[in-house]
Amino acid sequence: EARQSPGNFAIFTGNLDRDCNRNLSLVAELHHAIADEQLRLYCQPKVDIATGIPCGAEALVRWAHPEHGLIGPDRFIKMAEKAGLITPLTNWVLGEAFRQVYTWQSDGIAVPLAINLSTRDLLDSRLVDRIRGLFLTWGVDAGNVQFEITESALLEDPRGSLETLKRLRDLGVHLAIDDFGTGFSSLTYLQRLPTDSIKIDQSFVGRMLEHEGSDAIVRSTIDLGHDLGLSVIAEGVEDQATWTRLAALKCDVAQGYFISQPLPAEEFASWHLPEDMF
Ligand code: C2E
Ligand code: CA
Ligand code: CA
Ligand code: CA
């Protein structure tokens, strides 16, 4: 039986490695960080490949830690899910994203902003009502808000997440299946998903020029997406040659360092495509 004495706690932490200890203190700090305005929303542009015109952005969260500097989401999203902190974190991201879309819309800029949802979010029965509330509060167009859901998050609870996706779709927002190709979802399941686009995982896009297998996966995902009437986005586009190959394959949208790094939201409005891009 585990007694909550300081002695027991000391023995417990004594068995943990340094990494885990660091994470434990990060969890405690993350709790405060959310309330304490330490999170930042960065935006990465997406560009229509056929026309070269920017067509949206993805919202990516960062943690501006007072001592460790800017911490990427790969280091705290999973931790937040495990520690039961994903709901406040997602709520912060949602609020900030809607505020941003409202600001752009007021300035006459229409940038559909895509928000990432995690596995836990999809199983939260109050999520859709909260999003509906944000639409009422900010009065932004449904066309300017999108959601990205990873293929693996959907597979945790295919039935439950399908239900959430349908309810989100009913709000009029655009949905994308993220990290496509990494989750082994069946084609039957994909066909039933109420989605508008698929995002090919950057692990395939990043290697498609050197690795025939990756090129084959990118090629067949584009064709599959188009056959199902979906728009296809390639993420992790890092160079001109990859862009050119994706254009030849008729991929619809590109996102990646070749176009732009994720930018602080304030810098995004003045961002424009690099002149020498094409
Ligand atoms: P993701 O949704 O697959 O996002 C794409 C990741 O690739 C981002 O990493 C982005 O900065 C990075 N990236 C963009 N262009 C390139 C490129 O050309 N090359 C390479 N190598 N990487 C590129 P980031 O911002 O570190 O985010 C990591 C993951 O954290 C995201 O993967 C997403 O799953 C999650 N995440 C980020 N923000 C949120 C959020 O607000 N909520 C939730 N639930 N998850 C989030
Ligand atoms: Ca994403
Ligand atoms: Ca992705
Ligand atoms: Ca990813």
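What follows draws every value from the coordinates through simple rules; no lab data is involved. As the structure is a prediction and not an experimental result, all values here were calculated from the model. Ideal geometry is used to build each Cβ from the backbone, glycine not excepted, and the neighbour counts take in all protein chains shown.
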For this session: For the range 226-268, enumerate the residues that are within 16 Å of ligand 3 (Cβ to nearest atom), over 12 Å from Pro45 (Cβ atoms), out of contact with any Ser or Thr (no Cβ under 7 Å at 6 or more places or on another chain) and not acidic (Asp, Glu).
Result: Ala234, Gly236, Thr242, Leu246, Cys251
Exercise. Considering only residues of the range 169-200 that are more than 12 Å from Ile149 (Cα to Cα) and in a loop (DSSP other than H, G, I, E, B), which is farthest from ligand 4 (Cβ to nearest atom)?
Worked result: Gly172
Exercise. Within the set of pairs 6 or more residues apart or between chains, which connect a residue that is hydrophobic (A, V, I, L, M, F, W, C) inside the range 197-221 to a residue that is in a strand (DSSP E or B) with Cβ atoms less than 6 Å apart?
Worked result: Ile198/Ile177; Ile198/Phe180; Ile198/Val232; Ile200/Phe180; Ile200/Ala234; Val205/Ala234; Val218/Ile200
For this session: Enumerate the helices (runs of 4 or more DSSP H) found wholly within the range 74-149, keeping only those where 3 or more residues are surrounded by fewer than 17 Cβ atoms within 10 Å (Cβ to Cβ) and over 19 Å from the mean Cα position of the chain (by Cα).
Result: 86-106, 127-138
Seminar exercise, completed: Inside the range 225-272, the number of residues satisfying the requirement of being more than 22 Å from Asp201 (Cβ to Cβ) and out of contact with any strand residue (DSSP E or B) (no Cβ under 7 Å at 6 or more places or on another chain) is 5
Exercise. Somewhere in the range 203-219, is a residue farther than 12 Å from Leu122 by Cβ, in contact with a Leu (Cβ under 7 Å, 6 or more places away or on another chain) and part of a loop (DSSP other than H, G, I, E, B)?
Worked result: no
